[in-house]
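Report on one structure; see the data block that follows.
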Amino acid sequence: MDIIQQLFPLPPIPTLQQAVFIPLALFTAVCALLVVLSPNLFHNALALVGTLFGVAGIYALLEAEFLAISQILVYVWSISTLITFAIMLSRGMMFGATSKTNKQAGTAIDGIVVIGFIGWCNFVSARSKLDVSIAVA
Amino acid sequence: MQGFLNLAWLVPVPTFLAFAAIVLFANRNKTVSALIAIGGAVLSFLLSWPIAFSAFTADHFGQHPVEAQLFSIPTGTSDLWIGYQVDPANALMLFMSSFLLVMIFIYASGYMTFPAHLSPATYPIAAAQGKDPRYSRFMAYISLFATGMMGLVVSNSLLTFFIFWEIMGLCSYLLIGFWYEKKSAQAASIKAFMTTRVGDVFMLVGLMFLYIHSQSGNLLFSDILSAENLHHLATLSVTVPLINVTVPWVAPIAILIFFGTVGKSAQFPLHVWLPDAMEGPTPVSAMIHAATMVSAGVFLLVRMFPLFATAGEVAPGTMHFVAFIGAFTALFASTIAIAQWDIKRVLAYSTISQLGYMVAAIGIGAYVPALFHLITHAFFKALLFLGSGSVIHGVEHGLHHVHEHGHHDEPAPGGEHGGKEGHTPTEAAGHGHTGLVIHRKDGDLNLEDPQDMRNMGGLLSRMPRTGWTFIIGGLALSGFPLTAGFWSKDEILGNAWGGGNTLVFGALVISAFLTAFYTARQIGLTFLGKPRTEMAKHAPESVPSMTWPLILITPFALLLGFIGTPWGNWIEGFMEPYIEHLEFHALHVEFSFIPMLVSIVVAVGGLVAGYYVYGQGLAEGQVDPLRNWLGPLWLVFHNKYWIDEFYKGTVVAFSHWLSKVLYWFDDLWVIDPIVDGIGQLGVWLARLAAEFDRLVVDGLVNLAGWLSNRAGGILRNTQDGQVQVYLLLLVVSMTVWLLLKALPIFLKLV
Amino acid sequence: MVPLSWYLVLAAFVFSCGLYGALVRRNAIAVLMGIELMLNGVNINLVAFWRYGDIIDKATQQVVRLDGQIFALFVIAVAAAEAAVGLALIISIYRNRKTVSLDQMDLLKG
Amino acid sequence: MEIWSSGLTHLLTGLGLPETAAVIIALAIGAFVLANVGPVLALVLILLLRKVISRMQDRIGPNRVGPFGLLQTVADALKLLSKEDIRPANADAVAYFLAPILSVFGVILSLGVMAVAPGWIGVDLNVGVLFLTALGSIGIMSALMAGWSSNNKYALLAGFRVVAQLLSYEIPMVLAMFVPVLLVGSMRLGALSAAQSLTIFGFNTGLGWFGFLMPGAFLIYFISALAEGEQTPFDLLEAESELIAGFHIEYSGMKFAMFFLAQFLNSFFLGAIAVMLFLGGYQGPFVDQIPLLGFVYFVIKAFGVYLLTIWIKGTFPRIRVDQMMAFAWKVLVPLVLALILWQMIALKLPGATLDPVTGDVLQYGFLNYIAVFAGNLVVLGVVSNVLMNHFKREKMRTKRAFEPKSLIGVMQPSSGD
């Protein structure tokens, strides 16, 4: 049980920055999930814009205002517009497709979960000062 | 004016450019071709005469001749130098040949009408134009020929001399066989080529010996004819194999080079090609046999005179041999000439005879008179040849006229007509003349042959310009006093007499008499008396482009001799400094009236005798009066001593036999079977190797390929071209690697 | 003060989402979006490490190093270029083959 | 503003709220006030437009509702708000609803960084100019979303057109904005406004407008701003005679009202930005003494620029889409790039006073200003020349279009053509 507590510790009481960060991070994460999970490509693009805005907010929170504005300028102005244009110019090609994803989805999820878990372990171990750190790259 | 001398190398260039231009661009248009060819010749002439006259007018020109190298071609250890040279000898040659070439070119442009032996149906366009179908080609050939001659004249080394010499040989072959539809022309061209080749091979051998044994290491005239080099050659001795005689090297070299002259200038053993070469168009005859090619042989002797003179000093037999060949040829050819019916053939033998004169003059050391006679002879012989061509042309036209108006009794031959009698029954039969040929013991007569003098007669009134110029040329040839031929011939006779060469003198005097006689015979049969055939009656005068050259050459034939009179010998004064420049002394004899008187007597006597016999022409069907007097000897003369037949029986037959033997040896039984056997063995071995290759080597290679193929087939499944699969592989590998790395943690945790 | 690890977790999550999208989506444009997500995750990491790294000169209390921001800017610039080129390629392929499905873009298959 | 907000915070903490909550509440109140400025302002703007345009067209304009028709726009707004909210059957619901909200959101956000008076600024961002630029992206996204989600091909095409136009003119606009930024060395809007003072004999006349020093950049900015705000002569969005109404064709009622609002506010705010960057901002006489006067100056200048756009709307003909794009890419972008390059060179010319310690520029010299001015004059001349030629040609074409056909081949171009 000790190990489980160490691996998944309880969160502390948030400060103001944390209070801003938590909804922003949640927004960003949800949008990121929507980007890859929503079946509608246009919704993907909108979610991507949301994610990018969220990331810009994270930058602003990290006191990198210039980077935040650049993120909006470059990503939202240019890349999102480009992507939306591309979606609209090639629209109709996915209608009637049996699946939005290919057959390797399961394997990919397995791999990603394993990597995420190991990363989590690494992060937690560093935090809990257990001598189990591994030199990942 | 001296500046012109350095332009000598340009002299052969215009004609060569004309040749190239005609071959490459103008060969579709006959008029343009003729204009280009004549333009080239005229340019060449316009270069040559200033050069020649600046040489003539220069003070003591012979002592500082112009010689320069243009460029060199590196060949192995030595260089082949290409350059030019102007000295008195080739200044005179330039003077003579360039003028005559222009005249001949102009004459040829008018002469080359549609030939009678061709069918107009075969060449409709050429027939409509009235020009020879290969007119342009002819112009190109004669341009190249002129290039050869001019290049030979200005060349400064024996090697380039020889190269141009061979160019002329090639051109003479092409031109003699120009009308190759005629079997006789084919045969004549091959004969000319092969015969001169015999002489050229000897000459080439001589050239090689000269090159090897000279100190200079090259063949420049200035080097090989220098006194030291000749002295060196004279002291270097060699034992001639077979006859085991030890002589200085200079003698065999001189003899070998002399054989080149024998071939080119048609001296006695190799003279047979020249009369046959009359098969070519008449301008060619004029060019080859009068102005240029045969002169080149004598010019070679003149050029190499120091060598011969040295040879004559250390081995007198050399010069005696040359003199003997020359004198014998002169006499021998003139005897044949008195018994010929063909108008050009008479002139051909006359040429041989006159060349014999020159060679004999060289042989007795009379170097200047030889060149003098060469120049004058070129003029009047060109005149005679061109005149004879004009006569033939006229008679041919007369024949056409007869056919068109039906005056002739006999049925008109279909298609081909004209031409001339064949040398052999085969050739005659080949031309379909059998029905017209009258067999006679003094030579078969073809009634439509425009070259046979028996078909002529009384042409002077029909063709006055041709006739008179021909008569003047004939007088010059026979040495009628005060004409060009008289002075030059007199010089030679005088030198022979003064040098004490009695035998040579005698032979030449007899020959001179015979010359005058056959000239009178020719004139008489052709121009005097009454026409013996219908075609002679209707023969018209030739076109101006043919008669004008005749008229233009005539003054030279008459007056050119005055440059070499015994009292004011300009040519000797011009030439002698040169030979002295080369540290030699030409034969110099005191003037004597005896040879001159003899010369006048034989010339006038011969002419009078000839006029007496032939002055009224022959009656139709009449046998030659001379035959009655000479009897069988006449037949000997007429049949040219049967030398052709003799050659055919010996040399040609031997060649045939030898080739048959060699064929048997090579193709049938010995060489080829061996080669075939080796080949069969090779094939068998190759089959064996092929089997090995197919089974073992190919098997291995195929095995390797098959293995690669299979391996690739297995591995290709991993390369399905989908980027995402590759990416997934990356992720999975990463995962596995991370798991392995994280294993210790889990072990510790658990 | 937000702990660094929160940023890192967010970055990891965004990156994983992007990786998933790049791995499993069949539409090329969706894959491109996944790649953009991955780049953004990386950028969050870079900026967070910059912010929490040793960037303050103790003596003057001034920001002395901007490595993380500069790197992030580079990534943004590269992303822009990549998006432009990638989308141009996709449109071009779509015009030629009437599809943007990566499953059918396998001309290079072995 | 700082004083007010800090005072509010103090008040709230005094009431017993934790400091975090107090700050949040204070910020929320400020945001609420700013957000309500927008719609009210729009009512005024629309009324002004209608009045002025009708005067120009020799009409009277709205005059029934309220005194002098002042309440006309209020009545219109109420009508729109009370309309039935229609959604096309196959529309993409999320995007369809989000688009109008986003469009207003993006526009109103720009109020947050406006320096309306000395010290009166919501947030004096150190990247203020960039922030204003970045907000345009929200407008683009909203246009795209609206165009796409309407499930109408005309709407989609119009969305494309708008995005193409906005993208094209964004570049010269941003670059022209950077010309004064380069001179001042800061992107803070407050600093930019403060830099436009002109002190003569110790008295700040407030006339050091960058518009005088950089007329070329100002002209380019103004033209681009017209295009960005979809104003005449670049109002292809509203070209009802050529297109149908644009990307918001499928919208009605309140959603349409939001687009409408966003467009008017946008054009006004672009004018306000022009005031801040080129026309001295709040600067004017006695501003140092009475800060409230700065707000008055600012509002007067902003409305002046707005009236100028109305004037242009009432007089200029619309240009074709190809001419519009060609003008952006072939004239404005190269010129403004050259201008920026020249600006950099000009500022590096000798004559500037430098800080002896850091080497920063304290004060530019006479030579620098002259060079900047000269470069701007050249750009101004080129742009004006291009415009003059264009309108002259248009005039000739229009004249010919009304001439008898028999004369068309006979007529020679005029000397100025």
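With respect to residue B:233, is the statement that it is assigned to a helix (DSSP H, G or I) and over 30 Å from the mean Cα position of the chain (by Cα) true?
So residue B:233 fits the description; yes.
All but one of (1) over 17 Å from the mean Cα position of the chain (by Cα); (2) within 7 Å of another protein chain (Cβ to nearest Cβ); (3) open to solvent by 20 Å² or more (accessible area, probe 1.4 Å); (4) at pLDDT below 85 hold for residue A:114; which doesn't?
So the condition that residue A:114 fails would be (1).
Please go through segment B:17-55 and give me each residue that is over 29 Å from residue B:91 (Cα atoms) and of a type in the set (A, V, I, L, M), ordered by number.
If the condition is that a residue be over 29 Å from residue B:91 (Cα atoms) and of a type in the set (A, V, I, L, M), then B:23, B:24, B:26, B:32 are the ones that fit.
For segment C:15-60, how many residues meet the condition of being more than 7 Å from chain A (Cβ to nearest Cβ) and part of a loop (DSSP other than H, G, I, E, B)?
7
Listed here are the residues, each with its yes/no results for (1) surrounded by 14 or more Cβ atoms within 10 Å (Cβ to Cβ); (2) without any contact (Cβ under 8 Å) to a residue 40 or more places away in the chain; (3) within 22 Å of residue B:447 (Cα to Cα); (4) among the basic types (Lys, Arg).
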position	(1), (2), (3), (4)
B:595	yes, no, no, no
B:600	yes, no, no, no
B:607	yes, no, no, no
B:611	yes, no, no, no
B:627	yes, no, yes, yes
B:632	no, yes, no, no
B:647	yes, no, no, no
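Would you list the helices (runs of 4 or more DSSP H) that sit entirely within segment D:19-113 and hold 1 or more residues that are of a type in the set (Asp, Glu), within 26 Å of the chain's Cα centre (by Cα) and away from chain A (no Cβ under 14 Å)?
Result: D:72-82.
When you go through B:683, B:675, B:636, B:661 one by one, which is the residue that is of a type in the set (Val, Ile, Thr), assigned to a helix (DSSP H, G or I) and in contact with a helix residue (DSSP H, G or I) (Cβ under 9 Å, 6 or more places away or on another chain)?
B:636
Which ranges mark the helices (runs of 4 or more DSSP H) fully within segment B:84-161 that have 3 or more residues being buried (at least 24 other Cβ atoms within 10 Å of the Cβ)?
B:88-111, B:135-154
Select from segment B:517-570 the residues that are touching a helix residue (DSSP H, G or I) at 6+ places or on another chain (Cβ under 6 Å) and of a type in the set (Phe, Trp, Tyr) and write down the one among them that is most open to solvent (accessible area, probe 1.4 Å).
By that ranking, first place goes to B:570.
Looking only at residues in segment D:115-169 that are among the β-branched types (Val, Ile, Thr) and in a loop (DSSP other than H, G, I, E, B), which one is most open to solvent (accessible area, probe 1.4 Å)?
Per the stated criteria, the residue is D:123.
Only one of D:39, D:100 is more than 20 Å from residue D:122 (Cβ to Cβ) and open to solvent by less than 70 Å² (accessible area, probe 1.4 Å). Can you tell me which?
Every option except D:100 fails the conditions.
Across segment D:196-209, what is the total count of residues that are touching a Leu at 6+ places or on another chain (Cβ under 9 Å), open to solvent by 10 Å² or more (accessible area, probe 1.4 Å) and not β-branched (Val, Ile, Thr)?
Count: 6.
Mind telling me which of the residues B:25, B:71, B:16 ends up being modelled with pLDDT of 85 or more, hydrophobic (A, V, I, L, M, F, W, C) and surrounded by fewer than 16 Cβ atoms within 10 Å (Cβ to Cβ)?
From the options B:25, B:71, B:16, the qualifying one is B:25.
Only one of C:95, C:65 is open to solvent by 30 Å² or more (accessible area, probe 1.4 Å), out of contact with any Leu (no Cβ under 6 Å at 6 or more places or on another chain) and not in a helix (DSSP H, G or I). Can you tell me which?
Step by step, each of C:95, C:65 is checked, and only C:65 is open to solvent by 30 Å² or more (accessible area, probe 1.4 Å), out of contact with any Leu (no Cβ under 6 Å at 6 or more places or on another chain) and not in a helix (DSSP H, G or I).
Could you check how many residues of segment C:1-14 are more than 7 Å from every other protein chain (Cβ to nearest Cβ), in contact (Cβ under 8 Å) with a residue 24 or more places away in the chain and open to solvent by 10 Å² or more (accessible area, probe 1.4 Å)?
Residues meeting the conditions: 1.
Filter segment D:263-289 for residues that are touching a Pro at 6+ places or on another chain (Cβ under 8 Å) and open to solvent by less than 10 Å² (accessible area, probe 1.4 Å) and give the result.
Residues satisfying the conditions are D:277, D:278, D:287.
Please find, within segment A:26-44, the residue that is nearest to residue D:134 (Cα to Cα) out of those that are crowded, with 19+ Cβ neighbours inside 10 Å and more than 7 Å from chain C (Cβ to nearest Cβ).
This residue is A:31.
In segment D:303-334, how many are open to solvent by 30 Å² or more (accessible area, probe 1.4 Å) and either out of contact with any helix residue (DSSP H, G or I) (no Cβ under 8 Å at 6 or more places or on another chain) or part of a helix (DSSP H, G or I) (or both)?
Count: 18.
Restricting to segment C:28-81, name every residue that is touching a helix residue (DSSP H, G or I) at 6+ places or on another chain (Cβ under 6 Å), over 19 Å from residue A:59 (Cα atoms) and not aliphatic (A, V, I, L, M).
The answer is C:34, and nothing else.
When you go through (1) closer than 27 Å to residue B:301 by Cα; (2) open to solvent by less than 10 Å² (accessible area, probe 1.4 Å); (3) modelled with pLDDT of 85 or more one by one for residue B:61, which number turns out not to apply?
Evaluating residue B:61 over (1) closer than 27 Å to residue B:301 by Cα; (2) open to solvent by less than 10 Å² (accessible area, probe 1.4 Å); (3) modelled with pLDDT of 85 or more leaves (3) as the failure.
Within segment D:215-237, can one find any residue that is outside any loop (DSSP other than H, G, I, E, B) and surrounded by fewer than 19 Cβ atoms within 10 Å (Cβ to Cβ)?
no
Being within 26 Å of residue D:293 (Cα to Cα) and surrounded by 15 or more Cβ atoms within 10 Å (Cβ to Cβ) is true for just one of D:94, D:107. Which residue is that?
On inspection, the qualifying residue turns out to be D:107.
Only one of A:70, A:80 is at pLDDT 85 or above, within 14 Å of chain D (Cβ to nearest Cβ), surrounded by 23 or more Cβ atoms within 10 Å (Cβ to Cβ) and in a helix (DSSP H, G or I); which?
That would be A:80, the only listed residue that is at pLDDT 85 or above, within 14 Å of chain D (Cβ to nearest Cβ), surrounded by 23 or more Cβ atoms within 10 Å (Cβ to Cβ) and in a helix (DSSP H, G or I).
Of everything in segment D:386-397 that's without any contact (Cβ under 8 Å) to a residue 40 or more places away in the chain and surrounded by 11 or more Cβ atoms within 10 Å (Cβ to Cβ), which residue is farthest from the chain's Cα centre (by Cα)?
Among those residues, the one meeting the criterion is D:396.
Spot the failing condition for residue B:477; the list is (1) surrounded by fewer than 24 Cβ atoms within 10 Å (Cβ to Cβ); (2) at pLDDT 90 or above; (3) within 30 Å of residue B:62 (Cβ to Cβ), and only one is missed.
Of everything listed in (1) surrounded by fewer than 24 Cβ atoms within 10 Å (Cβ to Cβ); (2) at pLDDT 90 or above; (3) within 30 Å of residue B:62 (Cβ to Cβ), residue B:477 misses just condition (1).
Just the residues that are within 9 Å of chain A (Cβ to nearest Cβ) and in contact with a Gly (Cβ under 9 Å, 6 or more places away or on another chain), please, taken from segment D:115-129.
Across segment D:115-129, the qualifying residue is only D:125.
The values are calculated or read from the model by the stated rules, or taken from the named source; none is laboratory data. Just so you know, these numbers come straight off a predicted model, no measurement behind them. A quick note on method: Cβ atoms are made from the backbone with ideal geometry, for glycine too, and the neighbour counts reach across all protein chains shown. SASA here: full protein model, heavy atoms, side chains in, ligands and nucleic acids out. Shrake-Rupley method; radii C 1.70, N 1.55, O 1.52, S 1.80 Å.
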